[in-house]
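Only one structure is covered here, and it is reproduced in the block below.
The values are calculated or read from the model by the stated rules, or taken from the named source; none is laboratory data. Because the structure is predicted, anything quoted here is derived from the model rather than measured. With ideal geometry, Cβ positions are generated from the backbone for all residues, glycine too; neighbour counts draw on all protein chains shown.
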Amino acid sequence: MEGSEPFYNAYTKVLQMFWTNNNWFPTIANTTDADEAIAYGIFEQGRALFADSTGGNVSSFRSMDMDFGIVPYPKATEDQQSYHSRSEYPELFCVPVYTDKKELTGAMLEAMSSEYYESVNDAYFEISLKSRTARDSESAEMLELIYSVRVFDFGDTILCSQIRDGKLRTYFAANNPDLTSMLAEISGTVKTQIDKLNEGFGKK
């Protein structure tokens with residue numbers, strides 16, 4: 001992130017937009033389930049124009065009296081080639097290094113992942129999200145688009161406690177635009193974590 005002009009510009013623009021004219025419902029820096037429920041309740045009551053939501057949370061809007069639509073995150077500029085939809089909290093399989101049944105473990109994980117893809121994923125996406133949650137055909141099409149352009153960002157997932165929730169959330173909640181100081185403060189820790197990840201992923 002250091003030296004990235006697009007990142008600085010995006011953060012500053014969103015900060016100014018949300019903190020001007022009461023455009024944002026601020027909660028405490030460490031958002032809890034209760035805080036999330038309050039924020040989503042404001043949307044469900046028709047008192048908010050947008051609600052940033054995961055696929056799991058959007059299912060809770062089924063009981064809303066008001067109609068709502070589903071759209072992807074907007075492109076940063078007209079020149080951006082495709083949309084990008086962030087996916088948080090990926091579930092990763094962890095296997096003890098001392099296991100003596102690596103082949104069997106790998107085969108079981110592959111079988112479980114395949115079964116999920118063939119049955120659970122299809123039932124959840126096609127039935128729960130597209131058929132029961134989406135209110136119109138356009139939203140169903142948007143769900144197809146959103147799920148086809150998913151991205152996983154280390155700062156949003158594996159390094160969440162160091163970057164997203166560890167720093168960005170508190171800076172945003174305090175209306176603090178000083179990203180230079182924040183990034184300088186965490187750069188050493190983040191580099192160490194990335195080096196450790198690269199070392200782990202590089203092992204066979």
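Taking V71 as the residue in question, decide whether it is surrounded by 12 or more Cβ atoms within 10 Å (Cβ to Cβ), β-branched (V, I, T), modelled with pLDDT of 85 or more and out of contact with any strand residue (DSSP E or B) (no Cβ under 8 Å at 6 or more places or on another chain).
Answer is yes for this residue.
Being closer than 19 Å to G55 by Cβ and either of a type in the set (D, E) or surrounded by 11 or more Cβ atoms within 10 Å (Cβ to Cβ) (or both) is the filter here, so list the residues in segment 90-119 that pass it.
E91, S113, Y116, E118
Picking from G69, G46, which residue would you name as being farther than 30 Å from G188 by Cβ, assigned to a loop (DSSP other than H, G, I, E, B) and touching a residue at least 24 places away in the same chain (Cβ under 8 Å)?
G69
Could you run through segment 74-85 and say how many residues are surrounded by 11 or more Cβ atoms within 10 Å (Cβ to Cβ), in contact (Cβ under 8 Å) with a residue 24 or more places away in the chain and of a type outside the set (F, W, Y)?
Of the residues in segment 74-85, 3 are surrounded by 11 or more Cβ atoms within 10 Å (Cβ to Cβ), in contact (Cβ under 8 Å) with a residue 24 or more places away in the chain and of a type outside the set (F, W, Y).
Name the residue, out of Y98, Y83, that is in contact with a Lys or Arg (Cβ under 7 Å, 6 or more places away or on another chain), in a loop (DSSP other than H, G, I, E, B) and either modelled with pLDDT of 80 or more or over 28 Å from A134 (Cβ atoms) (or both).
Result: Y83 is the single residue among Y98, Y83 that is in contact with a Lys or Arg (Cβ under 7 Å, 6 or more places away or on another chain), in a loop (DSSP other than H, G, I, E, B) and either modelled with pLDDT of 80 or more or over 28 Å from A134 (Cβ atoms) (or both).
Mind counting the residues in segment 132-149 that are surrounded by 15 or more Cβ atoms within 10 Å (Cβ to Cβ), part of a helix (DSSP H, G or I) and basic (K, R)?
0
Does segment 1-24 hold any residues that are part of a helix (DSSP H, G or I) and either more than 21 Å from I42 (Cα to Cα) or touching a Leu at 6+ places or on another chain (Cβ under 7 Å) (or both), and which are they?
Answer for segment 1-24, where residues must be part of a helix (DSSP H, G or I) and either more than 21 Å from I42 (Cα to Cα) or touching a Leu at 6+ places or on another chain (Cβ under 7 Å) (or both): E5, P6, F7, Y8, N9, A10, Y11, T12, K13, Q16.
Of the residues A10, A51, which is of a type in the set (G, A, S), under 18 Å from E88 (Cβ atoms), surrounded by 13 or more Cβ atoms within 10 Å (Cβ to Cβ) and modelled with pLDDT of 80 or more?
The unique qualifying residue is A51.
Residue by residue through segment 138-153, note down the ones that are touching a residue at least 24 places away in the same chain (Cβ under 8 Å) and hydroxyl-bearing (S, T, Y).
Listed by number, the residues that qualify are S139, Y147.
Quick one: would you say I28 is of a type in the set (V, I, T), over 30 Å from F201 (Cα atoms) and modelled with pLDDT of 85 or more?
Against the criterion (of a type in the set (V, I, T), over 30 Å from F201 (Cα atoms) and modelled with pLDDT of 85 or more), I28 does not qualify.
Report, by residue number, each residue of segment 150-204 that is exposed (fewer than 14 other Cβ atoms within 10 Å of the Cβ), of a type in the set (V, I, T) and not in a helix (DSSP H, G or I).
Of everything in segment 150-204, just one residue is exposed (fewer than 14 other Cβ atoms within 10 Å of the Cβ), of a type in the set (V, I, T) and not in a helix (DSSP H, G or I), namely V151.
From the set of residues in segment 140-181 that are in contact with a helix residue (DSSP H, G or I) (Cβ under 8 Å, 6 or more places away or on another chain) and polar (S, T, N, Q), which is farthest from G3 (Cα to Cα)?
Among those residues, the one meeting the criterion is N175.
What about L129, is it touching a residue at least 40 places away in the same chain (Cβ under 8 Å), surrounded by 10 or more Cβ atoms within 10 Å (Cβ to Cβ), under 21 Å from P72 (Cβ atoms) and within 23 Å of the chain's Cα centre (by Cα)?
yes
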